[in-house]
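Asker: Here's a structure for you.
The values are calculated or read from the model by the stated rules, or taken from the named source; none is laboratory data. Quick caveat: nothing in here was measured; it's all calculated off a predicted structure. Here the Cβ is made from the backbone with ideal geometry for all residues, glycine too, and neighbour counts use every protein chain on show.
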Amino acid sequence: MRPSEAILRLEVLPASRLSRLAGQGGVLGGACFSHPAHPLDGAELPLLAVDMSLPAGEEAICEVWHSPEPLESGRHGPIRYRQGETLLFGCLSLDEAAPDDARASLQAVTEAAYEAIFELLEARGYQTVLRFWNYFPAINRESHGMERYRQFNIGRQDAFLAHGRPIIDKVPAACALGSTGGGLQIAFLAARANVVGVENPRQLSAYHYPSQYGPRSPTFARAGLVRLGGRDMLFVSGTASIVGHRTLHRGDVAAQTRECLHNIAAIVAEANRQTPAAGFRLDALAYKVYVRHSEDMATVRREMTQFIDAPVSAVFLQADVCRAELLVEVEASGGHAIDSGIARVFGESSTRVEAVE
Ligand code: 3EB
């Protein structure tokens, strides 16, 4: 199967080449990252413009999801979405406004955002989410006597509960990172298919974290496993230097990067144990790497190069991670087609990578 025919394909491209997508069918949607946020004119497509810095000298970059299914666009409240027969991609940006009750504004806007998403998915007959991406500014700042990431966790969990969704075991893969500016931004990929949650034997499931990390445990699985168009696909959540529920290697970004990758390797092994025929491999995944301090980019890239030891697609971004002592977080996905026509390849800074089948 050529990548253009794969039921789902991830393309990583510079924002300057986005316009060439406009006349092209088959775009579900995606997200672009730059500082400041890149103005996106193709408003017809659900493309999220996220204010997030890249390594010095790198161009604004976009992740775009493609599907060959006949697609149609729609809006539901604040959500822009595009769907085919089996896949739906949506995104929204909401400004924080003080609610008319005692809730923190981020908690309230998060709950409203997730409620809108679940309403849309219920209306369109998409019950399963493969992946959520959550971005909002000042993720580690305190207000209302609580860190904002913890406020976000309350709002997210309340929306799951309000829609009768489970908050343990059968929960979607996700990530939550601090953007440089803008409101709450969420992107999601949903499917008309059964998704199986994958947990990491090295880590306590996040939905069982003890209350020292906040009054509500975060509602996400370590990974989601799905079979679509005859292919097994894996969506690995943001993964950090956490073993059990504890942060390891405080202040040591190289060791934290290695721990992240050990965790992803454990998740991949667990996914392969659950679906032996899938044969997921670390060197066949596409990565997104969030580094807290831009001066640590080179160290993180070096550690990833040594660990993975193969050219893979990897987007590096500067972002705050959801525990103040975490310096790096890595997410990944695989099993879908990957077309990384750009740079961000280990070892070299601008090599063309062939589409991975
Ligand atoms: C962790 O393992 C690191 O709240 O959606 C990773 C992935 C993290 C997703 C989320 C948070 C989330 O707890 C943080």
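Asker: Please determine whether any residue of the stretch 115-133 is among the polar types (S, T, N, Q) and within 14 Å of the ligand (Cβ to nearest atom).
Answerer: Taking the stretch 115-133 as the starting set, the residues that turn out to be among the polar types (S, T, N, Q) are 127-128.
With within 14 Å of the ligand (Cβ to nearest atom) added as a condition, the list becomes none.
Within the stretch 115-133, not a single residue is among the polar types (S, T, N, Q) and within 14 Å of the ligand (Cβ to nearest atom).
Asker: Something else: Identify the residue in the stretch 210-233 that is touching a Ser or Thr at 6+ places or on another chain (Cβ under 7 Å) and closer than 23 Å to Val291 by Cβ and, among all such residues, is surrounded by the most Cβ atoms within 10 Å (Cβ to Cβ).
Answerer: Ala223
Asker: To continue, here is another question. It is to be established whether one or more residues within the stretch 258-272 are surrounded by fewer than 24 Cβ atoms within 10 Å (Cβ to Cβ), touching a residue at least 40 places away in the same chain (Cβ under 8 Å) and part of a strand (DSSP E or B).
Answerer: no
Asker: While we're looking at this one, here's another question. Can you go through Cys32, Cys91 and tell me which one is out of contact with any Gly (no Cβ under 9 Å at 6 or more places or on another chain) and either surrounded by 18 or more Cβ atoms within 10 Å (Cβ to Cβ) or more than 30 Å from His144 (Cβ to Cβ) (or both)?
Answerer: Cys32
Asker: Kindly indicate the residue of the stretch 238-260 that is out of contact with any helix residue (DSSP H, G or I) (no Cβ under 8 Å at 6 or more places or on another chain) and under 30 Å from Leu87 (Cα atoms) and also nearest to the ligand (Cβ to nearest atom) among those meeting that condition.
Answerer: Gly238
Asker: Something else: Can you tell me how many residues in the stretch 201-237 are within 13 Å of the ligand (Cβ to nearest atom), more than 19 Å from Ile154 (Cβ to Cβ) and assigned to a loop (DSSP other than H, G, I, E, B)?
Answerer: Total satisfying the criteria: 3.
Asker: A follow-up question, please. Being part of a strand (DSSP E or B) and of a type in the set (Ser, Thr, Tyr) is the filter here, so list the residues in the stretch 24-73 that pass it.
Answerer: Initial filter on the stretch 24-73 (part of a strand (DSSP E or B)): 27-34, 47-51, 53, 61-66, 72-73.
Answer for the stretch 24-73, where residues must be part of a strand (DSSP E or B) and of a type in the set (Ser, Thr, Tyr): Ser34, Ser53, Ser73.
Asker: To continue, here is another question. Testing Val12 on (1) modelled with pLDDT under 95; (2) part of a helix (DSSP H, G or I); (3) among the β-branched types (Val, Ile, Thr), one condition comes back false. Which one is that?
Answerer: (2)
Asker: Could you please find all residues in the stretch 107-141 being in contact with a helix residue (DSSP H, G or I) (Cβ under 8 Å, 6 or more places away or on another chain), of a type outside the set (A, V, I, L, M, F, W, C) and outside any loop (DSSP other than H, G, I, E, B)?
Answerer: Within the stretch 107-141, Gln107, Thr110, Glu111, Tyr114, Glu115, Asn134 meet the criteria.
Asker: Does at least one position in the stretch 143-165 carry a residue that is within 10 Å of the ligand (Cβ to nearest atom), among the aromatic types (Phe, Trp, Tyr) and in a strand (DSSP E or B)?
Answerer: No, every residue in the stretch 143-165 fails to be within 10 Å of the ligand (Cβ to nearest atom), among the aromatic types (Phe, Trp, Tyr) and in a strand (DSSP E or B).
Asker: With respect to Val268, determine if the residue is more than 10 Å from the ligand (Cβ to nearest atom) and farther than 18 Å from Leu285 by Cα.
Answerer: When the stated conditions are applied, Val268 does not pass them.
Asker: Same structure, new question: Which residue pairs have Cβ atoms closer than 6 Å, lie 6 or more positions apart in sequence or on different chains, and pair a first residue in the stretch 182-208 that is over 21 Å from Pro46 (Cα atoms) and in contact (Cβ under 8 Å) with a residue 12 or more places away in the chain with a second residue that is within 11 Å of the ligand (Cβ to nearest atom) and aromatic (Phe, Trp, Tyr)?
Answerer: Listed by first residue and then by second, the contacts come to Ala206/Phe220.
Asker: Here's another thing I want to ask about it. Would you please name the residue that is surrounded by the fewest Cβ atoms within 10 Å (Cβ to Cβ), looking only at residues in the stretch 166-200 that are within 13 Å of the ligand (Cβ to nearest atom) and assigned to a loop (DSSP other than H, G, I, E, B)?
Answerer: Selected residue: Ile167.
Asker: For the list (1) free of Cβ contacts under 8 Å to residues at least 60 places away in the same chain; (2) polar (S, T, N, Q); (3) in contact with a strand residue (DSSP E or B) (Cβ under 8 Å, 6 or more places away or on another chain), I need the number of the one condition that Thr86 fails.
Answerer: So Thr86 meets the others, but not (1).
Asker: Any chance you could count how many residues in the stretch 285-304 are crowded, with 17+ Cβ neighbours inside 10 Å and farther than 16 Å from Ser237 by Cα?
Answerer: Residues flagged as crowded, with 17+ Cβ neighbours inside 10 Å and farther than 16 Å from Ser237 by Cα within the stretch 285-304 amount to 8.
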